[in-house]
Amino acid sequence: MLNPLKPLASRLMRLLGRSLAEAPPAPESASAPSLDSERRLSFMLESVPVNMWSTDTQLNITFSQGAGLHLIGAGANEQVGMTLYEVLKTRDPGTTPLAAHLRALQGELVRYDITWRGRSFETRVEPLRGPDGRITGTVGIAIDVTDRKSLYDALHTQNVYFAALFESAPEAIAILDEQDHIIRVNGQFTAMFGYTEDDAVSRNINDLIVPPPLVEDAENLTARVAAGEKLTTEALRRHKDGHSIWVSIAATPFGIGDQPGRVYAMYHDISALKRAEDELKALLLVDELTGLPNRRAFITLSEQALKLAARLERDVLMIFIDVDHLKYINDTFGHLAGDRALIDTARVLRESCREADIIARLGGDEFVALLTVNSDQTAEIVCQRIKSRVDLHNAEADRDYQLSLSVGAKRSRAEGTMLADLLAQADTALYEQKRGRSRRQALSR
């Protein structure tokens, strides 16, 4: 049998394409200063994960080589002399590889993908012609793409996973480009603002959902985020039908490769909380001395906050605070000094908590705060923040006494928690702390 490498050499170069045709040759030796086309072809076949074969017109295999053969448990020319029917173990002309070879015998070039013995291949079969142009058989090449396909499948699965997370997120989400134009929104965005993805994509977010008087402020916010700042704020936004919505906004910059910076913005409807705040203000449920909500206001606000935290599956942190030695301050320095200590305490607590946290004066020397807790916020961190603010106050304030606070905290799941129980537990934590000390140990010490 004639060695088929020579007549197939140029055909293989064309089948493999330019990338393999330009593969570096094997090292030269003194006895072989350069490789002829047959040896170069043999080198290439043993250097890249491809299989190449040829058949005659009866589909008898006349040639079979390639470094990819060992990946499927075969050796070079191991199948030579066998028929394609024997290799495929079928004579069904509808089987993809067999159908491809039969079409190649009719003059067609056929491409197909196949999984063979656990490996994935991109395959090409075409007619093999003699010098007179008549079809004398077929020639095929299969490139092993298993690793590439596995990577593609993994990336595809990851994209599907993140797309599902994006769409099912409980918050309204919009992704913006560097010009504040919307790239994508999720279903919750549609539910909150009334705009479908088709309505929203390519629209400027500030033109779409920002009331006209607030557009300039909104543009400043998006510009800050695009410049790299993470931002959390509350603002008034507009539904498609024109009504206003109070939202909390958490916006984060991100980038993809060399593309310009983008913005990932999440919106949560806080209209109900804002209405509750307005109602409380209208009822003047405020402690006159400190300007904080009083006990009644705290109960109303906290019940709303617990419901919101439960919907978001968040924890809450109840902090009970009292002013140490208030009676001593009143008796020694006068009630005006005692009032000033209460006012200073209210300011310290405001500076120690976020704007969205609920802080109130329950009466006398007792204060309370309710916080929605995220993953990086613990009772210890908040209490340390209060301590630092007290220390700073005592260092800066011109007072005849040192402000001293005692603090008790209780963290709990919002779901199923009763406000009265949470208050009682925080109060107990405060007094357990006091009983555990031989004397009051203020946070300022």
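The values are calculated or read from the model by the stated rules, or taken from the named source; none is laboratory data. Everything numeric here is computed off the predicted structure, so don't read it as measured data. Positions of Cβ are generated from backbone atoms using ideal geometry, with glycine treated the same way; all protein chains shown enter the neighbour counts. What goes into the accessible areas is simple: the full protein's heavy atoms, side chains included, and nothing from ligands, DNA or RNA. Shrake-Rupley method; radii C 1.70, N 1.55, O 1.52, S 1.80 Å.
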Fill in: Kirkwood hydrodynamic radius (C-alpha pairs) into Stokes-Einstein, segment 295-337, 4 °C and 1.567 mPa s, D in µm²/s
98
Worksheet item: For segment 160-209, with only Lys/Arg (+1) and Asp/Glu (-1) charged at the beta-carbon, what is the dipole magnitude about the Cα centre, in debye rounded to 20?
Response: 120
Discussion item. Counting heavy atoms of the protein chains only and a 1.4 Å probe, report the per residue accessible area for segment 369-417 as a whole number of Å².
Written reply: 52
Fill in: Listed residues 222, 196, 245: farthest to the positive end of the dipole of segment 144-274 (Cβ charges)
245
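Multiply the residue gap between residue 201 and residue 354 by 0.36 nm, knock off their C-alpha separation, and tell me the result in nm, one decimal place. Don't skip to the answer; put the middle values down first.
Details: separation 153, 0.36 × 153 = 55.08 nm, distance 3.36 nm.
That pair, residue 201 and residue 354, stretches by 51.7 nm at full extension.
Kindly report the accessible area of segment 208-256 per residue (heavy atoms of protein chains, probe 1.4 Å, no ligands, DNA or RNA), in Å².
Working: 2660 Å² over 49 residues.
Counting only protein heavy atoms, the per-residue value for segment 208-256 is 54 Å².
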Fill in: Highest-first arrangement of 311-320, 205-214, where packing means the average Cβ count within 10 Å
311-320, 205-214
Worksheet item: Expressed as a whole percentage, what fraction of the accessible surface of segment 298-445 belongs to carbon and sulfur atoms when a 1.4 Å probe is rolled over the protein heavy atoms?
Response: 47
Worksheet entry | Whole-number percent relative contact order across segment 95-173, with pairs defined as alpha carbons under 8 Å at least 6 apart | 21
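Which peptide among 423-429, 135-141 comes first, and what is the full order, when sorted by highest mean count of other Cβ atoms within 10 Å?
Details: 423-429: 17.9, 135-141: 21.6.
Ranked by mean Cβ neighbours within 10 Å, highest first: 135-141, 423-429.
Using a 1.4 Å probe on the protein heavy atoms, what percent of the accessible area of segment 107-260 belongs to carbon and sulfur? All intermediate terms of the calculation are to be shown ahead of the outcome.
Working: 4510 of 8610 Å².
The C+S portion of the solvent-accessible surface of segment 107-260 is 52 percent.
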Discussion item. Limiting things to C-alpha atoms, what are the Rg and the maximum Cα-Cα separation (Dmax) for segment 117-239, in angstroms?
Written reply: 25.7, 82
